[in-house]
Amino acid sequence: MKNFQLLPFFFAASLSLSAQVDPDFLNPPPPPKVEEVEEPKEVFTMVEQMPEFEGGQQALMNFISKNMVYPPSAIDDQIQGRVYLKFVVTSTGSLEDITVLRGVQGGEALHREAIRVIKLTNGKWIPGKQNGKAVNVAFTLPVVFKLD
């Protein structure tokens, strides 16, 4: 009978030992978050169908001339010329990465104005297409500043 009585004691002792398991073992921390890495979006320079401002090139020229404000400092300094902007028309028709590709010497105010006006066209572009799919396309646009 002594063996029989020791068995329940041994069982109780083993229960108390298992109750001392590290709580972190029973509740492990959540796995680390895996950041979704966005693949770099390919930007085409030439595609089957180039991006277009809604209404076409004439509508773009009308929009620019209507919204352009010749900077007073450029008028005072008699600065005029062509500012070449480069930007990306995305697959959704929005604009990204607007930069001055080539500007006018001493015409920083003209550069800022050209960028400001092109930013107003954001979302008013029909995206370019390659193989029937809308894609990101690099676009170069000259903006002319001429004093009368």
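The values are calculated or read from the model by the stated rules, or taken from the named source; none is laboratory data. The structure presented is a predicted model; accordingly, all values stated were derived computationally and were not measured. When we count neighbours, we look across all protein chains shown, and the Cβ atoms used for this are built from the backbone with ideal geometry, even at glycine.
The table for this structure:
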{"read-out": "Failed item in (1) crowded, with 16+ Cβ neighbours inside 10 Å; (2) closer than 21 Å to Val137 by Cβ; (3) among the acidic types (Asp, Glu), with Asp97 passing the rest", "value": "(1)"}
{"read-out": "Residue in the stretch 22-37 that is touching a strand residue (DSSP E or B) at 6+ places or on another chain (Cβ under 9 Å), exposed (fewer than 11 other Cβ atoms within 10 Å of the Cβ) and modelled with pLDDT of 70 or more present", "value": "no"}
{"read-out": "Entirely in the stretch 71-148, the strands (runs of 3 or more DSSP E) that have 3 or more residues that are closer than 21 Å to Met46 by Cα and not charged (D, E, K, R)", "value": "81-89, 95-102, 133-145"}
{"read-out": "Conditions (1) within 18 Å of the chain's Cα centre (by Cα); (2) buried (at least 18 other Cβ atoms within 10 Å of the Cβ): number failed by Lys86", "value": "(2)"}
